[in-house]
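Working notes, structure below.
The values are calculated or read from the model by the stated rules, or taken from the named source; none is laboratory data. For clarity, every value in this text was computed on a predicted model and none was experimentally measured. Cβ: placed from backbone, ideal geometry, glycine included. Neighbour counts: every protein chain shown. For the accessible areas, the whole protein counts, side chains as well, though only heavy atoms, and no ligand, DNA or RNA atoms are used. Shrake-Rupley method; radii C 1.70, N 1.55, O 1.52, S 1.80 Å.
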Amino acid sequence: MYFLIFIYVILVFYTFLVWKYKYWQTKKIPFVQPQLFFGSIKEVVQGKTHFGVLFRDYYHKFQSVPYFGYFKMREPAIIVKDPELVKNIIIKDFNSFANNDFQVDPQNDPIWAQNVFGQTGERWKKNRHAWTSGLTALKVKSMYDDINAKCDVMTEYLKKHTENNPNEPLEARVLASKLFTDIIVSSVFGMETNSFEDPNNAFINITKSFFISTFLDGIGTYIFMVAPWLGNFLGLRFVSKRVENQLMEVAKILVEKRKKLGLQKTNPFDNLLMNGYKKDSAATEFSTLDVAGLIFGFLFDGTETSAGVSGFMLYAIAANPEVQTKLRAEIDEAYKLNGGKLSHENVYDMQYLDMVFQETLRLYNPALIMQRLCTKPYTLPPVSTAAKPFQVPVGMTVIIPMYALHTDPKYFSEPEKFNPDRFTEEGKSNIQKGAYLAFGDGPRICVGTRLATSQLKISISNIIRNFEVRLAPQMVNNPIKIDPNVFLMRSVDNLWVTFHKRAL
Ligand code: HEM
């Protein structure tokens with residue numbers, strides 16, 4: 001009897017796992033074969049391959065189709081290849097794909113629930129508006145002196161380091177993470193840190209704790225990436241309780257400060273609080289949790305993405321001496337023409353710097369994919385002349401495989417080569433629309449584009465002006481391998497570079 005019940009339970013469970021596996025076959029749409037329990041993402045589940053890299057490999061297997069299906073464990077989902085369709089999904093037909101597929105239960109994970117990225121509907125609109133009005137071009141420009149001052153602190157640190165420990169390499173992403181943390185803490189939170197002198201300050205520690213997760217945190221994060229419904233069902237969190245506690249501690253300090261001094265309209269963070277939370281100008285109706293959520297947004301959405309790009313940019317500049325020589329010539333010329341000091345405009349006017357920046361965002365974008373959820377029924381054109389149009393049902397995950405598009409030889413010749421020359425004015429105009437999505441596009445385009453661009457360009461100009469950067473010996477002939485266990489793009493190996501002071 002017990003044996004029969006056991007067999008029955010196993011059969012029910014097995015049917016539950018596989019009953020959707022015929023989905024793409026019945027729709028006559030090419031798809032990646034599923035494997036029991038894992039669906040089409042076994043290598044991701046096993047921690048062997050980054051999901052962005054796996055989707056790139058699938059993308060190349062399905063030649064000459066505009067999209068194809070796969071299974072996100074047991075759920076059918078879709079990967080869109082055609083840049084025209086990509087544009088429609090993220091821009092023109094946004095209303096059918098208004099949400100990112102990364103929503104958590106606010107009871108389980110109150111910090112992530114505060115993040116614009118995972119928000120939906122009116123709450124998303126309101127908070128997104130708060131972010132965009134806190135980070136306008138004008139507000140970011142007004143941070144220029146602050147950003148520069150923090151770059152000077154880094155330059156002094158690097159000078160001391162090269163004097164005391166010549167040829168001792170530094171990790172490029174970690175260096176940038178320290179700098180961008182100090183910039184955000186000062187220009188946005190209105191506090192002071194010197195992460196070069198005090199690498200264990202509260203803000204740096206939050207980022208470290210978030211990325212150095214325990215085994216259980218790791219499983220939670222992974223489940224949210226592949227099956228948010230399961231994460232919510234199991235009561236898992238994307239932001240662990242430990243990180244939440246650390247955030248709440250610093251949030252308390254920020255709230256107290258604002259209660260004493262009031263909100264400053266010119267400060268991006270205060271602006272966010274005014275537009276996003278505060279109901280009238282006299283009251284301070286935001287909670288410590290609101291503030292903790294915002295701090296997390298700045299540290300994770302803002303600082304770690306920018307630090308990743310900066311680390312790879314420095315690595316690519318060190319690995320390509322001809323790029324470095326050309327970039328330095330442009331930077332030196334700009335300093336010369338502007339009396340030895342650059343303004344915000346001068347930094348934006350440097351064309352080659354922008355080309356190096358864009359090429360870094362193409363090859364080393366922190367976001368390897370965009371993951372949308374269908375929010376309104378939508379019809380995709382037939383995959384082939386023999387097929388019918390496909391009705392995307394509400395709730396289906398739609399993947400925009402950014403990394404695959406950015407490294408497709410159809411759109412970028414010799415895609416693995418770091419070649420800023422593809423971003424000349426003429427080169428840019430020839431890039432297929434929808435195939436290059438540095439900061440995303442449409443109503444969910446990155447709200448931090450300006451801030452990221454400014455802090456990256458200013459800091460790289462500073463470094464290249466003052467130092468020659470070289471790959472540390474262990475980096476030579478050691479191509480980048482993408483870390484499968486971090487959802488943003490990170491290298492498995494550290495990005496070691498050495499700094500050599502220039503005589504100016
Ligand atoms: C080089 C650095 C950065 C890169 C490459 C980057 C890239 C992106 C991308 C690709 C998206 C998704 C867009 C989409 O889904 O269409 C995004 C969204 C977002 N980014 Fe950034 N980002 C960077 C820096 C920043 C900074 C500095 C901030 C804020 C301080 C920020 C805040 C956000 C937020 C809040 C969203 C969600 C927007 C929404 O869903 O409405 N990012 N970013």
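Every condition in (1) open to solvent by less than 20 Å² (accessible area, probe 1.4 Å); (2) touching a Phe, Trp or Tyr at 6+ places or on another chain (Cβ under 6 Å) is met by Val447 except one, and the failing one is (1). Phe97 falls short on exactly one of the conditions (1) away from the ligand (no atom under 11 Å from the Cβ); (2) under 20 Å from Gly69 (Cα atoms), and that condition is (1). Criterion applied to Val497, Val486, Val476 was being at pLDDT below 95 and in contact with a helix residue (DSSP H, G or I) (Cβ under 8 Å, 6 or more places away or on another chain), and the one residue passing it is Val486. Which of the residues belonging to the range 100-139 are more than 23 Å from Arg237 (Cα to Cα), away from the ligand (no atom under 11 Å from the Cβ) and outside any helix (DSSP H, G or I)? Within the range 100-139, Thr136 is the sole residue that qualifies.
Do we have Phe357 as buried (at least 18 other Cβ atoms within 10 Å of the Cβ) and not hydroxyl-bearing (Ser, Thr, Tyr) here? So Phe357 passes the test.
Considering every residue within the range 156-178, establish whether at least one is surrounded by 22 or more Cβ atoms within 10 Å (Cβ to Cβ), within 30 Å of Gly262 (Cα to Cα) and touching a residue at least 24 places away in the same chain (Cβ under 8 Å). Checked the range 156-178: at least one residue is surrounded by 22 or more Cβ atoms within 10 Å (Cβ to Cβ), within 30 Å of Gly262 (Cα to Cα) and touching a residue at least 24 places away in the same chain (Cβ under 8 Å). Look at the range 450-472: where a residue is in contact (Cβ under 8 Å) with a residue 12 or more places away in the chain and closer than 17 Å to Asp146 by Cβ, no partner that is surrounded by 22 or more Cβ atoms within 10 Å (Cβ to Cβ) and among the acidic types (Asp, Glu) sits 6+ places away or on another chain with Cβ atoms under 6 Å. Among the residues making up the range 398-419, those that are out of contact with any Pro (no Cβ under 9 Å at 6 or more places or on another chain), of a type outside the set (A, V, I, L, M) and open to solvent by less than 10 Å² (accessible area, probe 1.4 Å) are Pro401, Phe412.
Here are some residues: Tyr403, Tyr411. Which one is in contact with a His (Cβ under 9 Å, 6 or more places away or on another chain) and on the phi < 0 side of the Ramachandran plot?
Working: Tyr411 fails: in contact with a His (Cβ under 9 Å, 6 or more places away or on another chain).
Result of the check over Tyr403, Tyr411: Tyr403.
Looking only at the range 354-380, which residues are more than 26 Å from Pro228 (Cβ to Cβ) and in contact with a helix residue (DSSP H, G or I) (Cβ under 6 Å, 6 or more places away or on another chain)? It would help to see each step written out before you state the result.
Step one: of the range 354-380, the residues more than 26 Å from Pro228 (Cβ to Cβ) are 354-364.
Selection gives Met355, Val356, Gln358, Glu359, Thr360, Arg362, Tyr364.
Residue by residue, here is whether (1) open to solvent by less than 10 Å² (accessible area, probe 1.4 Å); (2) within 16 Å of the ligand (Cβ to nearest atom); (3) in contact (Cβ under 8 Å) with a residue 60 or more places away in the chain; (4) not in a helix (DSSP H, G or I) holds:
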residue: Ile317; (1), (2), (3), (4): yes, yes, yes, no
residue: Lys326; (1), (2), (3), (4): no, no, no, no
residue: Glu330; (1), (2), (3), (4): no, no, no, no
residue: Tyr335; (1), (2), (3), (4): no, no, yes, no
residue: Tyr352; (1), (2), (3), (4): no, no, yes, no
residue: Leu361; (1), (2), (3), (4): yes, yes, yes, no
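Which condition breaks for Trp229 when tested against (1) aromatic (Phe, Trp, Tyr); (2) crowded, with 21+ Cβ neighbours inside 10 Å; (3) at pLDDT below 90? All conditions pass for Trp229, except number (2).
Does Phe71 count as within 13 Å of the ligand (Cβ to nearest atom), among the aromatic types (Phe, Trp, Tyr) and not in a helix (DSSP H, G or I)?
Details: within 13 Å of the ligand (Cβ to nearest atom): no; among the aromatic types (Phe, Trp, Tyr): yes; not in a helix (DSSP H, G or I): yes.
So Phe71 does not fit the description; no.
Just one of the listed residues (Ser429, Ser454) is in a helix (DSSP H, G or I), under 23 Å from Asp354 (Cα atoms) and open to solvent by 50 Å² or more (accessible area, probe 1.4 Å), and it is Ser429. The condition of being closer than 26 Å to Lys141 by Cβ, within 16 Å of the ligand (Cβ to nearest atom), open to solvent by less than 10 Å² (accessible area, probe 1.4 Å) and at pLDDT below 80 holds for Gly276. Take the conditions at pLDDT 85 or above and not in a helix (DSSP H, G or I) and apply them to Val239. Does it pass? The answer is yes for Val239. Restricting attention to the range 457-504, the residues that are part of a strand (DSSP E or B), of a type in the set (Phe, Trp, Tyr) and open to solvent by 20 Å² or more (accessible area, probe 1.4 Å) total 1. Is it true that Thr181 is among the polar types (S, T, N, Q), more than 10 Å from the ligand (Cβ to nearest atom), more than 25 Å from Val291 (Cβ to Cβ) and part of a helix (DSSP H, G or I)? For Thr181, the condition - among the polar types (S, T, N, Q), more than 10 Å from the ligand (Cβ to nearest atom), more than 25 Å from Val291 (Cβ to Cβ) and part of a helix (DSSP H, G or I) - is not met. Scanning the range 54-72 for residues that are in contact with a Gly (Cβ under 8 Å, 6 or more places away or on another chain) and either hydroxyl-bearing (Ser, Thr, Tyr) or farther than 21 Å from Gly118 by Cα (or both) returns Tyr70, Phe71. Taking the listed residues Arg56, Arg128, Arg123, the one that is buried (at least 22 other Cβ atoms within 10 Å of the Cβ) and within 22 Å of the chain's Cα centre (by Cα) is Arg56, with no other qualifying.
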